[in-house]
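Working notes, beginning with the structure itself.
Throughout, read-outs are computed from the coordinates displayed, never taken from laboratory work. On a predicted model such as this, the values are computed, not experimentally measured, just so you know. Because the Cβ atoms are built from the backbone with ideal geometry, glycine has one as well, and the counts that use them run over all protein chains shown.
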Amino acid sequence: MNLGITIHAGETGNINNILVAINQFGADRIGHGTAAMNCIDTMDLLRTRDIAVEVCPISNRRTNSIKEDDAYTFHKFMEHNVPFILCSDNPAIHKLSLVDDYRVFLYETQDLSFILNQFTLQKKYSFINPNPA
């Protein structure tokens, strides 16, 4: 069926989970993947294989996947050209939406161009087949 594979990995700080998700399970996208920011080799792998990381600014802070005083994941991902898309995680629990995650991203990076390019990136890294059989 040629379905895309997203695996949540690296949210608890274990880089090996990301490597297993990619190398053993063939992940096309990594959910959260915050541990990757601590390993240049893992960021290189994500960039080289063009595997996007789903970045959830609010959820990653609330679950302590990223500490409040840490430089946030997307700064390192941007510096290393790691593909990532902004996502919302548990909007019913957090009572916030994807717009709120965009707002947090914009506040922390001041990078409006990335926000404006999100639709293109999200479409690219979705599993939508533009030429269905």
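Bridging of K123 to lysines at a Cα separation below 28 Å is possible for K76, K95, once same-chain residues fewer than 8 apart are set aside.
So for the chain, Kirkwood radius off the Cα pairs, Stokes-Einstein at 25 °C and 0.890 mPa s: how many µm² s⁻¹?
Values: Rh = 15.1 Å.
It comes out at roughly 163 µm²/s.
Scanning residues 5 or more positions from I5 or on other chains, those with amide H under 5 Å from its amide H are D28, R29, with H placed 1.01 Å from N in the peptide plane. Under the criterion of Cα pairs below 8 Å and six or more residues apart, the relative contact order for the chain equals 20 percent. Overall, the chain carries a charge dipole of about 300 debye about its Cα centre when +1 sits on the Cβ of Lys and Arg and -1 on the Cβ of Asp and Glu, all other atoms neutral. The alpha-carbon of K67 sits under 15 angstrom from the alpha-carbons of these aspartates and glutamates, leaving out residues fewer than 8 places away in its chain: E11, E108.
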